[in-house]
Amino acid sequence: MTIRDLARLASAVENGAPEALERIAALPPGEGLIIGITGPPGAGKSSLVDGLTAEFRQRGKTVAIIAVDPTSRVTHGAILGDRIRMQRHHADAGVFIRSMATRGASGGLARTSAALSRLFRAAGFDFIIIETVGVGQDEIEIASLADVTVVVLVPGMGDDVQAIKAGIMEIADIFVINKADRPGAQQTQREIQAMLSLGHGAVVPVILRTVAIDGTGVPELADELQTRQRRLHLQPEQSWKVDHLGIAVRSLDEALPFYETSLGLPVLSRETVEHEKVKVAMLPAGEARVELLEPLDASSTIARFLEKRGPGLHHVAMKVPDLPATVSRLESAGVRLLGKPQRGAGGHLYVFIHPASTGGVLWELIQE
Ligand SMILES: Nc1nc2c(ncn2[C@@H]2O[C@H](COP(=O)(O)OP(=O)(O)OP(=O)(O)O)[C@@H](O)[C@H]2O)c(=O)[nH]1
Ligand SMILES: [Mg+2]
């Protein structure tokens, strides 16, 4: 998609053209992180978006920005202010900026923002930032479409924190105390913490401090957002299962009594795998299994492992739903794999990840 196509499609979306919405719905989803940034007027949201954009660009990431100007504040000043601040990014093809006025179209704002952010994500932008003011209904809807919502506050808000508390409790994933160069940042942080301690969901929001005008704290905010982008698309915890733990032993006969008798795990099978030069005992444990490995002779990789590290955990095997997709993601992330996926005896696909990439343990990924 060229920048021109993108701009044309974005305009069509803003004008509510139904065929534009259909075209967007049909696009592949993309992997960008949609970030909602909200907070009271003048908190420094635009300055922060500007700083974040510069930081992301330095890291080689692309950024699309949707600046939403509320009806009451659509003065030339407001929009112009954002534009001037953002000007340094205008010549950069890795940054795409749309300013949008609400024009009082109720419900339309969230829908348009949703369609635009989907469009930018499909176009391949790594980060899609939606800046809105306040914590009204529109902002709450935008927060629900965003993958991450950042609420920007400033020191010395006092009662204001209380006033907006109801709205932000639900939507904030990250609190940013901007203008931390001013007195009272510590106090504001305490107020937010007190508010959060009154009860929140399972995930406690992060609180960061920034000075948007000089960039203090912006790299930390960028780190936090980048971590969330990775998490969004790696999500192993949702679809991966431990298949088995491979444990290297010098002798199955010596090791088995502990597993069979003391732990009470039954031996499901014992076999000799000639080409890997091992004797294997499989013991089901819950939904996973324990795989005990004894070397057949000194040339076995298990024998070499025992020599180097002694008996113990040799590998962890995880079942993944789509091994080729996982492999290509890992490869593009620079993870070291031991060869390409292969077919095992049972027809399953498997591949190993080098311990150098995993923190010292050999990982096996399996797809049935
Ligand atoms: N001292 C100080 N001033 C800041 C900081 N960040 C932003 N400002 C100033 O605060 C004013 C408002 O900043 P903006 O970035 O426009 O704030 P905003 O939240 O986008 O404002 P609206 O979009 O108009 O609601 C500007 O004059 C900024 O220069 C900061 O960290 N410290
Ligand atoms: Mg702004």
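The values are calculated or read from the model by the stated rules, or taken from the named source; none is laboratory data. Just so it is clear, the model here is predicted, and its values are computed rather than measured. Note: ideal-geometry Cβ built from the backbone for every residue, glycine included; neighbour counts use all protein chains shown. The protein model used for the area step is the full one, side chains on, heavy atoms only, and it has no ligands, DNA or RNA in it. Shrake-Rupley method; radii C 1.70, N 1.55, O 1.52, S 1.80 Å.
Table for the structure above
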read-out: Pairs with Cβ under 7 Å, 6+ apart, first in region 110-121 and assigned by TED's automatic domain parsing to the domain that holds Leu27, second open to solvent by 30 Å² or more (accessible area, probe 1.4 Å) and of a type in the set (Lys, Arg); value: Leu116/Arg98
read-out: Out of Ala298, Ala285, Ala281, sole residue that is more than 36 Å from the chain's Cα centre (by Cα) and open to solvent by less than 60 Å² (accessible area, probe 1.4 Å); value: Ala281
read-out: Residue under evaluation Lys279, criteria (1) touching a helix residue (DSSP H, G or I) at 6+ places or on another chain (Cβ under 7 Å); (2) more than 27 Å from Glu254 (Cβ to Cβ), criterion not met; value: (2)
read-out: Within region 193-263, helices (runs of 4 or more DSSP H) holding 3 or more residues that are open to solvent by less than 70 Å² (accessible area, probe 1.4 Å), modelled with pLDDT of 95 or more and not aromatic (Phe, Trp, Tyr); value: 218-234, 252-257
read-out: Residues (modelled with pLDDT of 85 or more and among the β-branched types (Val, Ile, Thr)) located in region 96-150; value: Ile97, Thr112, Ile128, Ile129, Ile130, Thr132, Val148, Thr149, Val150
read-out: Hits in region 134-157 - residues which are open to solvent by less than 30 Å² (accessible area, probe 1.4 Å) and under 18 Å from Ile34 (Cβ atoms); value: Glu139, Ile142, Ala143, Ala146, Val148, Thr149, Val150, Val151, Val152
read-out: Search result, residues across region 112-154 that are within 15 Å of Leu6 (Cβ to Cβ) and of a type in the set (A, V, I, L, M, F, W, C); value: Ala115, Leu116, Leu119, Phe120, Ala122, Ala123, Phe125, Ile128
read-out: Test: residue in region 52-67 that is outside any loop (DSSP other than H, G, I, E, B), within 16 Å of ligand 2 (Cβ to nearest atom), buried (at least 16 other Cβ atoms within 10 Å of the Cβ) and among the hydroxyl-bearing types (Ser, Thr, Tyr); value: yes
read-out: Verdict on Ser47 being at pLDDT 85 or above, assigned to a helix (DSSP H, G or I) and touching a helix residue (DSSP H, G or I) at 6+ places or on another chain (Cβ under 8 Å); value: yes
read-out: Contacts under 8 angstrom Cβ, first residue in region 176-197 being at positive phi, partner open to solvent by 50 Å² or more (accessible area, probe 1.4 Å), 6 or more apart; value: Gly184/Gly156
read-out: Pairs where the first residue, in region 258-269, is assigned by TED's automatic domain parsing to the domain that holds Pro284 and the second is in a loop (DSSP other than H, G, I, E, B) and loosely packed, with under 14 Cβ neighbours inside 10 Å, C-beta under 9 Å, 6+ apart; value: Glu260/Pro266
read-out: Residues (touching an Asp or Glu at 6+ places or on another chain (Cβ under 9 Å) and open to solvent by less than 20 Å² (accessible area, probe 1.4 Å)) located in region 21-38; value: Gly32, Leu33, Ile34, Ile35, Gly36, Ile37, Thr38
read-out: Residue pairs meeting the criteria (Cβ under 7 Å; at least 6 apart or on separate chains; first without any contact (Cβ under 8 Å) to a residue 60 or more places away in the chain, in region 37-57; second more than 6 Å from ligand 1 (Cβ to nearest atom) and of a type outside the set (Lys, Arg)); value: Arg57/Val63; Arg57/Asp92; Arg57/Gly94; Arg57/Val95
read-out: Selection within region 155-189 - modelled with pLDDT under 70 and either hydrophobic (A, V, I, L, M, F, W, C) or not in a helix (DSSP H, G or I) (or both); value: Gly158, Val161, Ala163, Ile164, Ala166, Ile168, Met169
